[in-house]
Amino acid sequence: MNYEELLATRDSRKTVKVRIPFGTFYKRLIDGKYSNFVEFDDELSDNIAFKDCVRRECSLVASLTDKHQLHFTPNINEEGDETVYAVAVEPGNYITAEQLLNETPAVVAQKEFINTTISDLATLLIALNEQGVYQVCLAPNNVFFRKNDNSVRLLLHGSIYERLDMPSETYEGMEGFVAPEVLKGEPSNDRSDVYALAKFIDYLYVSSGLPIELKQVISKATADDPALRYATVAEFIQTVNKRRAAFRSAMMGAGALLAALVIVGLFFTLTPNTEPIEFVKPVEEPISEELLDEGFDPATELGAAADSATIAKAIKDYQMKDSDKIDERKIREFEAKGEAIFRKQYTQEAERILSKVYSSDNMNTSQKNFETASSKAMEELVEKQIELGEHSSLSQEKSQRIASEIIEQVTERKKAELGQKQSLGIQKSK
């Protein structure tokens with residue numbers, strides 16, 4: 001291979017093309033610098049209205065100061081009809097999310113990579129949505145990263161072109177990252193971008209698994225019915241951040257409780273039991289009767305499987321009334337009922353979850369297995385605490401405090417039921 005052939009081979013490796021909506025993204029190394037282009041599909045570039053859309057988007061992008069938006073200029077065929085057949089993208093070495101995760105899968109484990117990516121994407125989407133512009137598709141091959149620092153970038157925005165007669169293959173292979181209503185030809189909106197962002201977040205966690213505190217949030221954000229999703233990207237990302245903060249706080253408390261359980265387990269293992277255990281049921285924190293309607297019983301009045309969300313809705317509906325007519329005592333009644341139902345439902349969940357830890361089968365296992373089972377149980381208990389607490393309109397601090405009390409009560413009861421022949425998950429030596 002001579003020198004010219006070597007250069008040609010090197011240059012050909014720099015022209016890898018990536019399919020994106022509306023065309024193909026590729027880059028070439030010219031005079032030691034990367035030049036980036038998007039070449040549009042012929043069916044689009046031949047459309048007279050498409051030229052106007054590209055120019056409109058170029059003007060919009062030029063007004064954005066967010067560094068996570070890639071800027072570009074049209075390449076116009078000046079020989080006659082001035083067709084826009086491509087755009088030249090700002091200089092830089094950019095790769096798609098799909099390429100990044102394929103080449104460097106460990107990047108998702110780097111500190112704050114996922115959090116920073118989500119935050120930067122959400123900020124840019126909120127700014128675009130405020131101007132009535134929607135990204136529509138956040139497929140892994142339509143989200144870019146700057147290679148030297150792995151910071152996220154967006155390029156073309158789908159809503160600019162949706163009034164055109166789009167080719168059927170526009171989102172081919174990317175359908176899973178586009179809201180169902182958009183694929184049906186309906187106009188995009190804020191909820192469409194909520195769907196797209198949630199799908200991309202789910203993709204970022206594909207190797208490690210979606211965290212338990214985000215599962216319910218992502219499920220709501222990707223509902224097929226737009227009305228069931230979060231109304232805006234801002235509302236969606238606020239919920240994500242709130243869930244993460246609540247989970248971190250709850251896990252700190254759960255970690256302390258788990259450590260205490262292990263220490264108690266070791267104590268019972270190393271210390272012989274000579275006296276029978278006498279179980280004294282802890283006194284539950286009473287709820288003031290004056291705050292409850294006379295004879296109120298969640299199990300009978302609202303049903304055995306009453307959903308605490310009904311109480312939360314009642315509080316919200318009541319607060320929507322004229323503030324001058326709001327009776328604070330009535331609000332406290334609602335909150336007390338919500339707390340009563342939270343206690344009832346969380347106690348049932350704690351009984352179910354902790355029964356898997358303090359069981360006969362788990363008694364004849366090693367300390368390591370016991371600790372693993374306890375840790376999984378704590379994660380599930382924290383998830384239920386967050387879920388039921390939000391449905392009951394309880395503050396994070398209050399639901400965490402009540403949950404800790406209930407866990408302690410149920411744990412003590414389970415230990416007492418096991419008796420003194422078996423220790424906490426560790427078989428005693430003879």
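What follows draws every value from the coordinates through simple rules; no lab data is involved. Since this is a predicted model, take the numbers as computed values, not measurements. We place every Cβ from the backbone using ideal geometry, glycine too, and count neighbours over all the protein chains shown.
Order these peptides, 233-246, 204-217, by their mean beta-carbon neighbour count within 10 angstrom, highest first. Working shown, then result.
Working: 233-246: 18.4, 204-217: 15.1.
Result, highest mean first: 233-246, 204-217.
Once phi is turned into θ = phi - 60°, what whole-Hz ³J(HN,Hα) does the Karplus curve with 6.51, -1.76 and 1.60 give for every residue of the range 384-400, x standing for Gly and Pro?
Karplus values, whole Hz, x for Gly and Pro: 5, 4, 5, 5, 5, x, 5, 4, 8, 6, 8, 5, 4, 5, 5, 5, 5.
Is there a pair in LYS220/LYS337; LYS220/LYS376; LYS184/LYS215; LYS67/LYS242; LYS199/LYS384 whose C-alpha atoms are over 31 Å apart, and which pairs would that be?
Numbers: LYS220/LYS337 26 Å; LYS220/LYS376 24 Å; LYS184/LYS215 26 Å; LYS67/LYS242 26 Å; LYS199/LYS384 24 Å.
Going by Cα-Cα distance, every pair falls inside the 31 Å limit.
From Cα pairs below 8 angstrom and at least 6 apart in sequence, can you work out the relative contact order of the range 94-238, rounded to a whole percent?
Working: 181 pairs, mean separation 36.2, N = 145.
Taking the mean separation of contacting Cα pairs over the length of the range 94-238, I get 25 percent.
Quick query: amide H of MET174 versus all other amide H atoms, modeled in the peptide plane; which residues come in under 5 Å with a sequence gap of 5 or more or a different chain?
none
Compute the Cα gyration tensor for the range 13-89, then decide on rounded, prolate or oblate, letting a ≥ b ≥ c be the square roots of its eigenvalues: rounded whenever a/c is under 1.5, prolate when a/b is larger than b/c in the other cases, and oblate in all that remain.
Taking the square roots of the gyration eigenvalues as a ≥ b ≥ c, the range 13-89 is oblate.
Mind ordering 108-117, 53-62 by average Cβ neighbours within 10 Å, highest first?
Per-residue Cβ counts within 10 Å, averaged per peptide and sorted highest first, yield 53-62, 108-117.
Determine the sum of side-chain charges near GLY132: Lys and Arg each +1, Asp and Glu each -1, restricted to other residues whose C-beta is under 13 angstrom from that of GLY132.
Working: positive: ARG56, ARG163; negative: GLU57, GLU130, GLU162, ASP190, ASP193.
Here the charged neighbours net out to -3.
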